[in-house]
Amino acid sequence: TMAIGVDVTMEEQLRAAEAKFIEIWSRGPTRTGWSELPPQVGDPAPDFRLLDSDGREVALSEFWRERPALVVFWRHFGCGCGLDRAARLRDEYDDYVSAGASVVIVGQGEPERAASYAERYELPCPVLLDPDERVYAAFGLVEGRPSQLLFDAPEEFWSHSREIGIEFQRQRREQGRPLVNNPWLLPGEFVIGQDGIIRLAYRYQYCEDFPNPLVLTTAIRLA
C-alpha cells in the first residue's frame, strides 16, 4: 500500500512539475540579474533548513559543520546537462571526499521525485530540495537567457513558445525524461569552509559549463 501511495504521489508531483515547466518555459526567464550583490568568496554561506530525498528536514550547514562542503546546485530533474553532471559526479566523487569534503546536491522538486532521480542516475551523495528556489536565489543563481540554455537547440526553440514547449515535453516524456520545474535556472557549485565561509563560488554561464574538478578539489584542500 505504501508503494502504491508513493507512486500516486509521484505521478501527481510529476504532472504538477510538468505544468510548472510549461508555464515558466512560455513566460521566459525573468530573474536574469541580481537585485543585490550575491554572496562572494569570503562571505558567510546562506543557511537554510530543507527536506532531503527521504523527507527529513536538514540544515544545509550540517554539511560543513565537520569538514568543508561542496554544494552542487542542479538545474532540473529532466535536464540533459544533469545526466552529464551525474556521470561526472560519480567519477569525481571519491576525489572530492579524499580532498576532505562532504558533497551535497540542491535541486528543485519533492522528496519522492528526488529519491527516484537519485536512484535512477546513481547520485553518490544526499539530495536536498529547494522547490521555491529560495536557496538558488540566496546563492546568487539566476535564470539564464535562451542564448545560454537553447544555444544547441533548433532556432525555432529560441522563441520558447507554448506550442514548442508542449511538443518538446511530449518527446522527452516518451524518452522517460519528463521536462519539469524551472527550465531557465542556471546551476552553480560552491565550496564552503568548516567556518561557514564561501571559499569558491562557481556560477554557470551556460548549462554545460561544468567546473574543472581540479579547481574544486584544490578549493576544498585550501579550505
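The values are calculated or read from the model by the stated rules, or taken from the named source; none is laboratory data. The shown structure was predicted, so the numbers you read here are calculated from the model rather than taken from an experiment. FYI the Cβ positions are ideal-geometry reconstructions off the backbone, even for glycines, and counts take in every protein chain you see. Heads up: the accessible areas ignore ligands, DNA and RNA and are worked out on the full protein's heavy atoms, side chains in. Shrake-Rupley method; radii C 1.70, N 1.55, O 1.52, S 1.80 Å.
Taking all protein chains together, PHE73, PHE151, PHE63 sort by accessible area into PHE151, PHE63, PHE73, largest first [probe 1.4 Å].
Database note for the chain: Cys without another Cys beta carbon under 4.7 angstrom, CYS79, CYS125. Its alpha carbons considered, the stretch 118-223 gives a radius of gyration followed by a Dmax of 16.6, 49 Å. Taking the DSSP bridge list for the chain and keeping only pairs wholly inside it, about 70 percent are antiparallel.
The distance between label points at ILE166 and ARG134 comes to 3.5 nm (points 7 Å beyond Cα on the Cα→Cβ vector). Dipole check for the chain: with +1 at the C-beta of Lys and Arg, -1 at the C-beta of Asp and Glu, and the Cα centre as origin, the magnitude is about 240 Debye. Only helical runs count toward this figure. For the chain, summing -39,500 (n - 2.57) over DSSP H runs of n ≥ 4 and dividing by all residues gives -12500 deg cm²/dmol at 222 nm.
Please give the per residue volume of the convex hull enclosing the alpha carbon atoms of the stretch 108-178, rounded to a whole number of Å³. Each step should come with its number before you reach the end.
Details: hull volume 9.6 nm³, N = 71.
Hull volume normalised by residue count: 136 Å³.
Give me the dipole magnitude in Debye, nearest 20, for the stretch 80-176 about the Cα centre, with unit charges on the beta carbon: positive for Lys and Arg, negative for Asp and Glu.
Values: 11 positive and 19 negative charges, 26 e Å.
The dipole of the stretch 80-176 has a size of about 120 debye.
ARG134 contributes about 120 Å² of solvent-accessible surface, heavy atoms of the protein only, 1.4 Å probe. Could you check what % of the DSSP bridge pairs in the stretch 50-130 are antiparallel, to the nearest 5? Here the share of antiparallel DSSP bridges comes out near 35 percent. From the alpha carbon centroid of the stretch 93-139 to that of the stretch 147-181 is 24 Å.
Starting from the Cα coordinates of the stretch 44-120, work out the convex hull volume and express it per residue in Å³. Could the numbers behind the result be given before it?
Values: hull volume 7.6 nm³, N = 77.
Cα-based convex hull of the stretch 44-120, divided per residue, equals 99 Å³.
Subtracting the Cα-Cα distance of ASP54 and GLU122 from their residue separation scaled by 0.36 nm leaves 22.9 nm. Taking every alpha-carbon pair in the chain and binning the separations at 10 Å intervals from zero gives 8, 34, 37, 18, 4 percent. TYR206 contributes about 100 Å² of solvent-accessible surface, heavy atoms of the protein only, 1.4 Å probe. Per residue, the convex hull spanned by the Cα atoms of the stretch 1-92 amounts to 173 cubic angstrom. For the stretch 166-223, the share of alpha carbon pairs falling in successive 10 Å distance bins from zero is 20, 32, 25, 17, 6 percent. Among the protein heavy atoms, those of SER98 account for about 90 Å² of accessible surface (1.4 Å probe, every chain in place). Only protein atoms count toward the accessible area here, which uses a 1.4 Å probe; on the chain, the carbon and sulfur part of that area reaches 50 percent. Close amide-amide hydrogen proximity is noted between PHE48 and LEU60, SER61, each under 5 Å apart and 5 or more residues distant or on a separate chain (H modeled in the peptide plane; Pro and chain starts excluded).
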